[in-house]
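Shown next, in structure tokens, is the structure this report addresses.
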Amino acid sequence: MKVTEHIQNAKEKTLFSFEILPPKKGENVDSVLKNIEPLLQYNPSFIDVTYHREELVYNEFPDGRITKHSINRRPGTLGTTSIIQHKFGVDAIPHILCGGFSKSDTENMLIDLNFIGIHNVMALRGDASPHETYFSAHPNGNRFANELVKQIVNLNNGEYIDGHTTSNKTNFQIGVAGYPEKHMEAPNLQNDMKYLKQKIDAGAEYIVTQMFFDNQAYFDFVEKCRAAEIHVPIIPGLKPISTHRHLNIIPHRFHIDLPQNLIDDIENAKTTKEIKAIGIQHCIQQCEELLDFGVPALHFYSMGKAKNVEEVVKEFF
């Protein structure tokens, strides 16, 4: 079922969904599945599976030689997505990236997804590779998410990148990312909104936001989207803080602000257990307000750890 169909069938009842990482290279997928099983009892409508580009790794030897090679640390998106959907009967949504992938790579991935019955995708530009200062696209790839959306829409119309056409069309529904506090590379939120509108106009049908910890950022974002004639569902992304290090890691990695009261509570906490409880309670309060606002779904970034998310979700689902 498509994401928007889940939302329509819910008849204004808020859905539950979450995002996971595929296993690291060399690890068994069972470790990922075991971690998400506790969340399945709360009937998620869909589960996102992140996609990861290759990155350059440099090795320095005692004689001064330096070699480099490419490695994908989490290569199992396709397999993980297939297992989730066919083993658990939950719609699984793989991320499709611009960065590190040619248009041919993307087309082949979409063909495989279509063959195994996956018909929801998240189209993302992706981050810069760790060895890059700024994002650079594959020489034969899509530069921006709106271009990626257009490629997927073309395949839905039976149009391949080599000009070949077919009547056996794909049927992907496309989600895209939204940034309530703006994308880190955007000069301001107004300009960022322009690019979000381009993704919707290209054919995307729903938005999942970057995580945020102040609901007002989400409320203002929705208002700005509607004023910009963006009328697709906007699903809020959430994460309960669980360690003191998150006060630095999350703003640095995701370029978002944390509310001062949350920072004060965590800095005054004596133990990690206290911090986890504070993070869970803050997220519960966020969810209460978002439910009152009538959001289509509550989407959680589990980062491979389900326990804290479960503590929040069990309060509502």
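Results, tabulated for the structure shown:
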| item | result |
| --- | --- |
| Extreme residue, nearest to Cys287 (Cα to Cα), among residues of segment 15-66 that are among the aliphatic types (A, V, I, L, M), modelled with pLDDT of 90 or more and touching a helix residue (DSSP H, G or I) at 6+ places or on another chain (Cβ under 7 Å) | Leu15 |
| Matching option when the condition is assigned to a loop (DSSP other than H, G, I, E, B) and either open to solvent by 80 Å² or more (accessible area, probe 1.4 Å) or not basic (Lys, Arg) (or both), among Pro23, Pro38 | Pro23 |
| Of all residues making up segment 106-133, the number that are touching a residue at least 24 places away in the same chain (Cβ under 8 Å) and part of a loop (DSSP other than H, G, I, E, B) | 11 |
| Selection from segment 104-116 of residues that are out of contact with any Ser or Thr (no Cβ under 7 Å at 6 or more places or on another chain) and surrounded by fewer than 17 Cβ atoms within 10 Å (Cβ to Cβ) | Ser104, Asp105, Asn108, Ile111, Asp112, Phe115 |
| Sole exception among (1) free of Cβ contacts under 8 Å to residues at least 12 places away in the same chain; (2) of a type in the set (D, E, K, R); (3) touching a Gly at 6+ places or on another chain (Cβ under 7 Å) for Lys103, by number | (1) |
| Hits in segment 117-172 - residues which are surrounded by 13 or more Cβ atoms within 10 Å (Cβ to Cβ) and β-branched (Val, Ile, Thr) | Ile118, Val121, Val149, Ile152, Val153, Ile161, Thr170 |
| Qualifying residue in segment 264-276 (condition: open to solvent by less than 80 Å² (accessible area, probe 1.4 Å), closer than 22 Å to Leu196 by Cα and outside any helix (DSSP H, G or I)) | no |
| Enumeration of residues in segment 219-239 that are within 16 Å of the chain's Cα centre (by Cα) and open to solvent by less than 20 Å² (accessible area, probe 1.4 Å) | Ile234, Ile235, Pro236, Gly237, Leu238 |
| Selected residue (criterion: surrounded by the most Cβ atoms within 10 Å (Cβ to Cβ)) from residues of segment 185-217 that are in a helix (DSSP H, G or I) and of a type in the set (A, V, I, L, M, F, W, C) | Leu196 |
| Residue count, segment 218-240 (criterion: within 14 Å of Cys287 (Cα to Cα), assigned to a loop (DSSP other than H, G, I, E, B) and of a type outside the set (Lys, Arg)) | 1 |
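Residues checked against (1) among the hydroxyl-bearing types (Ser, Thr, Tyr); (2) modelled with pLDDT under 95; (3) under 22 Å from the mean Cα position of the chain (by Cα):
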site: Ala128; (1), (2), (3): no, yes, yes
site: Gly141; (1), (2), (3): no, yes, yes
site: Val149; (1), (2), (3): no, no, yes
site: Asn154; (1), (2), (3): no, no, no
site: Gly175; (1), (2), (3): no, no, yes
site: Glu181; (1), (2), (3): no, no, yes
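The values are calculated or read from the model by the stated rules, or taken from the named source; none is laboratory data. Model, not experiment: these values are computed from the prediction. Don't worry about glycine lacking a Cβ; one is built from the backbone with ideal geometry, like all the others, and counts go over all protein chains shown. Areas reflect the complete protein model, heavy atoms only, side chains present, ligands, DNA and RNA absent. Shrake-Rupley method; radii C 1.70, N 1.55, O 1.52, S 1.80 Å.
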